[in-house]
Amino acid sequence: MFSYQTLLIAILIGAAGGALLGHFGKCQGGACPLTANPWRGAAYGAALGLLWFFALNGGGAGMKTVPKLSPEEEKTAATRMIILQDENEWQSVLDASAKELVLAEFGSEYCPACKMQAPVLSRIVLDHSDQVRVVKIDVDKLPGLATKYAIRYLPTLIFIRNGEVLSRKVGFTDQKKIEQMITELSETQ
């Protein structure tokens, strides 16, 4: 998550590294590297520290709004969300919700964007359980389903009704976009 303290530390580390490089950088053959001056080296280092910060925080993806849930809300969402354990269970979910809208999230435990997506889906479960059933599918545990639905990137959200794929969204998707998709797909019943 974004932290001004972490941002400042990344910039200072980059600036210090650049200043050291500038101090010890040597001009060779009549040409000097851009960082041969300690002040210029510090400026370039600070810029690299800033880039380093954003790279470590999801390339700016960490700046997206992720809802905060209270412990009670997390427990409630966990009881309402379906976490698949096997492929037979998936068919049971589809059969039980034939006329309902199903939102399947294909993700993995190692995926940073999937971890960001989790609280968004929990909020969707809490606010829209009357409109959509949310199912989490771990592609490492259920690779057959990932193959069946041609999952290439994580997370992938797929909206299904009557066994038919209505829509798909690849990558982190914020709450507002998911709610918009639910509304649009609910209107087209």
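At-a-glance table
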{"quantity": "Scan of region 145-162 for residues that are loosely packed, with under 12 Cβ neighbours inside 10 Å and not in a loop (DSSP other than H, G, I, E, B), ordered by number", "calculated": "147, 148"}
{"quantity": "Pair list, Cβ under 7 Å, 6 or more apart: region 33-54 residue assigned by TED's automatic domain parsing to the domain that holds residue 17, other residue at pLDDT below 75 and among the β-branched types (Val, Ile, Thr)", "calculated": "41/35; 44/35"}
{"quantity": "Some residue of region 112-119 being over 26 Å from residue 71 (Cβ atoms), in a helix (DSSP H, G or I) and not small (Gly, Ala, Ser)", "calculated": "no"}
{"quantity": "Subset of region 163-180 (residues that are more than 18 Å from residue 152 (Cα to Cα) and out of contact with any Leu (no Cβ under 8 Å at 6 or more places or on another chain))", "calculated": "164, 174, 175, 176, 177, 179, 180"}
{"quantity": "Residues of region 122-144 satisfying the condition of being in a loop (DSSP other than H, G, I, E, B) and of a type in the set (Ser, Thr, Tyr)", "calculated": "129"}
{"quantity": "Any chance residue 173 is at pLDDT 95 or above and within 17 Å of the chain's Cα centre (by Cα)", "calculated": "no"}
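The values are calculated or read from the model by the stated rules, or taken from the named source; none is laboratory data. Source: prediction; values computed, not measured. Here the Cβ is made from the backbone with ideal geometry for all residues, glycine too, and neighbour counts use every protein chain on show.
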